[in-house]
1. Cα centroid distance between segment 65-104 and segment 170-187, in Å?
2. So how much slack lies between residue 95 and residue 110, counting 0.36 nm per residue of separation and subtracting their Cα-Cα distance, in nm?
3. Report the charge-dipole magnitude of segment 1-106 in Debye, nearest 20, computed about the Cα centre from +1 at each Lys and Arg Cβ and -1 at each Asp and Glu Cβ.
4. Quick one: which residues, 5 or more positions from residue 48 or on another chain, have an amide H under 5 Å from its amide H? H modelled 1.01 Å from N in the peptide plane, none for Pro or chain starts.
5. Want the number for residue 51 to residue 177: 0.36 nm per residue separation, take away the alpha-carbon distance, what's left?
6. Assign one of three labels to the chain, namely rounded, prolate or oblate, based on the Cα gyration tensor with a ≥ b ≥ c the square roots of its eigenvalues; rounded applies when a/c is under 1.5, prolate when it is not and a/b is larger than b/c, and oblate otherwise.
7. Note down the magnitude of the dipole of the chain about its Cα centre, charges +1 on Lys and Arg C-beta and -1 on Asp and Glu C-beta and zero elsewhere, to the nearest 20 debye.
8. Skipping prolines and chain starts, which residues have an amide H placed within reach, meaning under 5 Å, of the one on residue 19, given they are 5 or more residues away or on another chain?
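Since every read-out is calculated from the coordinates, none of them should be taken as a lab result. Since this is a predicted model, take the numbers as computed values, not measurements. All Cβ positions, even for glycine, are placed from backbone atoms using ideal geometry, and neighbour counts span all protein chains on display.
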Amino acid sequence: MNESLTIPLFPLNMVLFPGGNLSLRIFEAHYLDMVSHCLRHNQPFGISLIQQKSLPNSPLPTYPIGTLAKITDWNQDKEGLLNISVQGAQRFKILSKTLHAHRFIQAEVMLLAEAPEPKIPRAYHSLSQLLQQIIEHIGYPQQLYPINQQNITWLSYRLAEILPISFTKRQHLLELEDTLQRLEILVDVLNHLKLS
């Protein structure tokens with residue numbers, strides 16, 4: 001049975017994948033309160049992609065599937081703005097949302113378990129090497145992306161966040177339960193980009 005919990009929710013125009021790293025600059029008062037709350041309670045928050053087509057009087061509607069974000073580092077600059085680094089943890093499904101007293105969104109979520117790790121098909125054996133080449137080419141810090149060649153789910157998430165695809169397509173890839181289906185879509189993207 002999947003676990004449910006209540007977390008602060010950060011609607012963003014980006015998709016965070018499990019195992020991914022993200023740097024955020026926090027300046028709005030209610031999100032400063034949200035991050036302070038998480039730091040005080042050693043609690044993650046959720047990141048969920050904002051839906052572009054919003055309903056009337058519905059502020060920042062988000063897709064129902066998001067990712068827990070664990071704060072790994074933070075600092076405050078002279079202007080009082082907060083810079084934080086987060087790492088993606090488990091995916092979740094939003095069950096309900098309420099407004100916290102400090103005006104950030106709280107959500108009751110159900111944590112989603114990853115499907116059992118599939119055996120890597122021979123056709124995908126070259127993808128970890130390709131990912132390594134892409135990372136070196138675009139200059140990502142190697143310590144953020146140590147290649148985990150044996151974990152095909154990790155590999156699919158890293159390709160999904162690095163390849164030049166739309167946020168809605170990234171969201172679709174995040175929502176997929178089937179790792180091999182995610183990789184099939186990514187191979188199609190790579191073929192279109194002539195990278196595979």
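1. Cα centres, segment 65-104 to segment 170-187: 24 Å.
2. On the way: separation 15, 0.36 × 15 = 5.40 nm, distance 0.69 nm.
Full extension from residue 95 to residue 110 adds 4.7 nm.
3. Numbers: 9 positive and 6 negative charges, 53 e Å.
So the dipole magnitude of segment 1-106 works out to roughly 260 debye.
4. When sequence neighbours closer than 5 places are left aside, the close amide H contacts are 10, 12.
5. Details: separation 126, 0.36 × 126 = 45.36 nm, distance 2.07 nm.
Going from the current span to full extension adds 43.3 nm.
6. On the way: a/c = 1.92, a/b = 1.56, b/c = 1.23.
Prolate is the answer for the chain, as a/c is 1.5 or above and a/b outweighs b/c.
7. Working: 16 positive and 16 negative charges, 38 e Å.
Computed charge dipole of the chain: roughly 180 debye.
8. It is 88, 89, by chain and number.
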